[in-house]
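Participant: Below: one structure in structure tokens.
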């Protein structure tokens, strides 16, 4: 299981702190303008941990940072620190895009009412191994005719804090270095770092984080402390193993119900192994 960080250890790459910092409309607006190379006259107040569920039987999503511009453009920004099997992240953007569109397009509206939409992942690893680029931008294009765009107005962007190739806005370059753990340089990164320190001095936010972490630690204790099986006994103690899996199932269900998380997010927080994930998913 991954260790839960203490409040003092949090950095901008941690989802909780990233969300709190980017709820500052001024910083959020600057990040979006520099990332997309646009000028936004006004942004609707950024929403952290926005949850979208199509129906009780479908997989919902919890967005790190969701913003709408004055003209209706939707922008989702996610902080991604855990590497996954190749293809997992692109498929996640596909699902997020579909759910955002479903959320935006109410009953009685036509498809033409859908506005420009961006799904952006800030990754602390290269999402496309050995490519080494700082930024990857994807749109839908025709294979048979060069330069022909589909025109569905959806864009998926992956930022790589480890990237070396390609050019990005200078402030974004320094921001990515800051996310990667380096000293804040440049006006934007320094402003973000200052907001990080301000948020970390906010006692109510600290209590909010500590309360959440206490709940997660309790979930871990309930799911694992009584169900831990010594490695050499694992094979012949199927009854205890079954109880351990039952505890994981209960913990995942509780996090999904109480926090609005997806099973994958609950698995990550609880530190569930790939083998157990397969077994648990079959029971959810």
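The values are calculated or read from the model by the stated rules, or taken from the named source; none is laboratory data. Quick caveat, the model's predicted, so the values are computed rather than measured. Please note: Cβ atoms are built from the backbone with ideal geometry, for glycine as well, and neighbour counts cover all protein chains shown.
Participant: Take residue 132 and decide whether it is exposed (fewer than 14 other Cβ atoms within 10 Å of the Cβ) and touching a strand residue (DSSP E or B) at 6+ places or on another chain (Cβ under 6 Å).
Facilitator: yes
Participant: Hey, any hits in segment 147-155 for a residue that's within 20 Å of residue 31 (Cα to Cα) and either at pLDDT 90 or above or in the same structural domain as residue 51 (by TED's automatic domain parsing) (or both)?
Facilitator: Yes; the residues of segment 147-155 include at least one that is within 20 Å of residue 31 (Cα to Cα) and either at pLDDT 90 or above or in the same structural domain as residue 51 (by TED's automatic domain parsing) (or both).
Participant: Considering only segment 185-223, state which residues are modelled with pLDDT of 95 or more and surrounded by fewer than 14 Cβ atoms within 10 Å (Cβ to Cβ).
Facilitator: 187, 194, 197, 198
Participant: Could you tell me which residue of segment 102-122 is nearest to residue 69 (Cα to Cα), considering only residues that are at pLDDT below 90 and surrounded by 11 or more Cβ atoms within 10 Å (Cβ to Cβ)?
Facilitator: 104
Participant: Name the residues in segment 153-209 that are on the phi > 0 side of the Ramachandran plot and in contact with a helix residue (DSSP H, G or I) (Cβ under 6 Å, 6 or more places away or on another chain), would you?
Facilitator: Residue satisfying the conditions is 186 alone.
Participant: Need pairs with beta-carbon distance below 7 Å; first residue outside the structural domain of residue 161 (by TED's automatic domain parsing) and at pLDDT below 95 and within segment 69-82, second part of a loop (DSSP other than H, G, I, E, B) and buried (at least 20 other Cβ atoms within 10 Å of the Cβ); sequence gap 6+ or separate chains.
Facilitator: none
Participant: Filter segment 14-47 for residues that are surrounded by fewer than 18 Cβ atoms within 10 Å (Cβ to Cβ) and either part of a helix (DSSP H, G or I) or within 17 Å of the chain's Cα centre (by Cα) (or both); which is modelled with the lowest pLDDT?
Facilitator: Checking each candidate, the answer is 47.
Participant: On the given criteria, is residue 9 farther than 22 Å from residue 159 by Cα and modelled with pLDDT under 80?
Facilitator: no
Participant: Still on this structure, I have one more. Tally up the residues in segment 166-180 that are in a loop (DSSP other than H, G, I, E, B) and either surrounded by 15 or more Cβ atoms within 10 Å (Cβ to Cβ) or modelled with pLDDT of 95 or more (or both), please.
Facilitator: Counting residues in segment 166-180 that are in a loop (DSSP other than H, G, I, E, B) and either surrounded by 15 or more Cβ atoms within 10 Å (Cβ to Cβ) or modelled with pLDDT of 95 or more (or both) gives 3.
Participant: Exactly one condition in (1) surrounded by 14 or more Cβ atoms within 10 Å (Cβ to Cβ); (2) at pLDDT below 65; (3) not in a helix (DSSP H, G or I) is not met by residue 261; state its number.
Facilitator: With (1) surrounded by 14 or more Cβ atoms within 10 Å (Cβ to Cβ); (2) at pLDDT below 65; (3) not in a helix (DSSP H, G or I) applied to residue 261, the lone miss is (2).
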